[in-house]
Amino acid sequence: MVLCHASITAPPSSAAIRVCGRGMADGHADLNDPTEDPVTVSLPLREMSSSARAAAGLKRAKKSKQDSTARSAPALCATLQVIENEEPVSSAPDISEMPLERAEMLDASMISSIHKPGILSSGNASECGKRCSSCTDTGNLIMCSTPACSNMICIQAKLGEHGCLVVNAFDPKAFYCPKCLFKAKKTIPYQLTSYTTTFLHHSSEVPAIVLFTMVYGEKERPKKMIKIHLEEKCHASPHSFKHFDISMNGVQAHPSTLTKRLNQFNEWVASLNERRPTALVFVDTHSNSIGGGIVFGTNGHRMVSSDVENVVNGLMGKAIHTAMRGACRRIGILMLTCGPSFTFLSHFQKIRGLVERRAYDFVLGFSGDAVIPALVIPYMLIFTHSIIVSPDIDIWAALLDTFCRGRNPLSDTPAVLIFRDEKDEVQALEVAYSVPNKRMWGLDHKCPQCGSGINLESTKTAKNTGGGCAKFACHNCGWKTPPGITVPQPSWVTWGKGTHCYYHPYPIPEEQGRYLERWWACQQAAGNDRMDIG
């Protein structure tokens, strides 16, 4: 809706309505083109009803009354900490010259009907803190007086401009943002036009993120997806995002390249004004089916592979990792590789060692034989969003909340996370999708009689979602659990709170991996119903 006033200056047979804004074509005002002139639209007098003419006169009278009231109003915001944006970008029509310091109160219903100015794109870089903490728009910003709070909220400097905060009357010597007042259980003495939960529950600080991408081959899409996703998180402050794209060409990076990269990283960290960034290393490559190493280049017609630590340190540089470890609040590796990287015990122990030596805070990967990027990348993005927006979030809880939402991607590959728990102990857990008739509790069972796994069918007997017992039957040899006897869920398997998601320590010891076979052996020896062998 565009606010306008009407002046009946046309001949008796018609009326002219002048739109106080921008041009209008086909009956619609173009609010995005500041070059267009106001347009006068002539309408037949009979199309302008008596009520419309009366409304036009009422608006003129109301505006005159507002002007006279504003001239006598006290200066409310003479000492407010208002930061004027150097380059105003408001595209709202200038419908009044009444400044904020002369206005007693702004009508919220009038403000909501005005076109909201467009948000600056990430290409128009602005300094951190020069945007509204709620709408991330530029404008007239007022700072919260709480020392530890960085909230800045846009206010309406003149009638017709957008503002998340509507000033009524408050102490001009101290302004406290809605989040601080709500936390202190104090009354919020002003009106808000923006969505309330944005003020009260979301972090106003733009996260600082540094991303290192290492991709083998010509697979550009996963890298672009994660880069764009993280860039968008920093759209209000593009300088808060830094990206280093590292080539996997089979050779170690040249010392001059490493030095240049280190200097760029240190300069970027210094510009963050003591904010501690989150660092992510995204590795997208193949894994060696003999030994589990990751591929980082070719030598003639042969792929060259090594363990993940050698590859990352050799290509990224140990010096930048040392600087990253000291400057960042959390650093982690996202591995988009196939299962051998995790299923080969020798290579998995090297991955785990990265967390045990505190070189990294976590490593996320997948243990399925074949990992399809299109299925796992969307969930990796949700996971990274959680740990960046909420830096204090429990990282394992973030993984469960992300990967236990439905069938994909756990129905195609289990996910493995290596991290430190609240006791500062290193944990390696695998979360898997439990197919009730084939992969009960997310485990690969084998027939205790013939050893076949693919021919073994399972049936869940308990109706409760997070646990219960099962029955098994083999289509190969005909073995099945005896009537009246069920196999209990292993004590070391935990329900992941998804419909069919369970997790367990990784890797599973061989004895525990033969759970069904061991259960049947104990059942035959003892004859006890529902024996849990651990």
Fewest to most Cβ atoms within 10 Å: 337, 499, 136 sort as 499, 136, 337
One finds the C-alpha centres of region 219-240 and region 314-383 to be spaced, in Å, by 19
So, with points 7 Å from each Cα along the Cβ direction, the residue 390-residue 310 label distance in nm works out to 4.0
Note: probe point = Cα of residue 318 + 7 Å toward Cβ; backbone nitrogen < 16 Å; residues of region 357-372 passing the test are 357-360
For region 344-399, whose charge dipole is built from +1 on Lys and Arg Cβ atoms and -1 on Asp and Glu Cβ atoms, the candidate among 348, 383, 364 with its Cα farthest towards the positive end is 348
In terms of the alpha carbon gyration tensor, root eigenvalues a ≥ b ≥ c, rounded if a/c is under 1.5 and otherwise prolate when a/b exceeds b/c or oblate, region 209-433 is rounded
For region 209-433, the dipole about the Cα centre with charges only on Cβ (Lys and Arg +1, Asp and Glu -1), to the nearest 20 debye, works out at 520
Ordered by fewest other Cβ atoms within 10 Å, a rough proxy for footprinting exposure, 225, 380 read 225, 380
Residue span residue 356 to residue 219: 0.36 nm per residue of separation minus Cα-Cα distance leaves a gain in nm of 46.2 nm
For region 301-418, the dipole about the Cα centre with charges only on Cβ (Lys and Arg +1, Asp and Glu -1), to the nearest 20 debye, works out at 300
Taking a ≥ b ≥ c as the square roots of the Cα gyration tensor eigenvalues, with a/c under 1.5 meaning rounded and otherwise prolate when a/b beats b/c or oblate if not, region 440-526 comes out prolate
Going from the fewest other Cβ atoms within 10 Å to the most, one would list 212, 344, 403 as 344, 212, 403
Note: probe point = Cα of residue 374 + 7 Å toward Cβ; backbone nitrogen < 18 Å; residues of region 318-342 passing the test are 337-338
By the mean-Cβ-within-10 Å protection proxy, highest first, 477-485, 359-367, 447-455 rank as 359-367, 447-455, 477-485
Residue 362 neighbourhood, Cβ < 9 Å, K/R = +1, D/E = -1, net charge +1
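Could you calculate the FRET efficiency of residue 243 with residue 183 from 1/(1 + (r/R0)^6), where r is the beta carbon distance between them and R0 is 35 Å, rounded to 0.05?
On the way: r = 35 Å, r/R0 = 1.00.
So, using R0 = 35 Å, E works out to roughly 0.50.
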Checked against a 19 Å limit on the C-alpha separation, the offending pairs among 179/233; 438/460; 242/350; 224/318; 446/471; 460/497 are 179/233; 242/350; 224/318
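Each reported figure results from applying straightforward, stated rules to the coordinates on display, with no laboratory input. Fair warning: this is a prediction, and the values are worked out from it, not measured in the lab. Ideal geometry is used to build each Cβ from the backbone, glycine not excepted, and the neighbour counts take in all protein chains shown.
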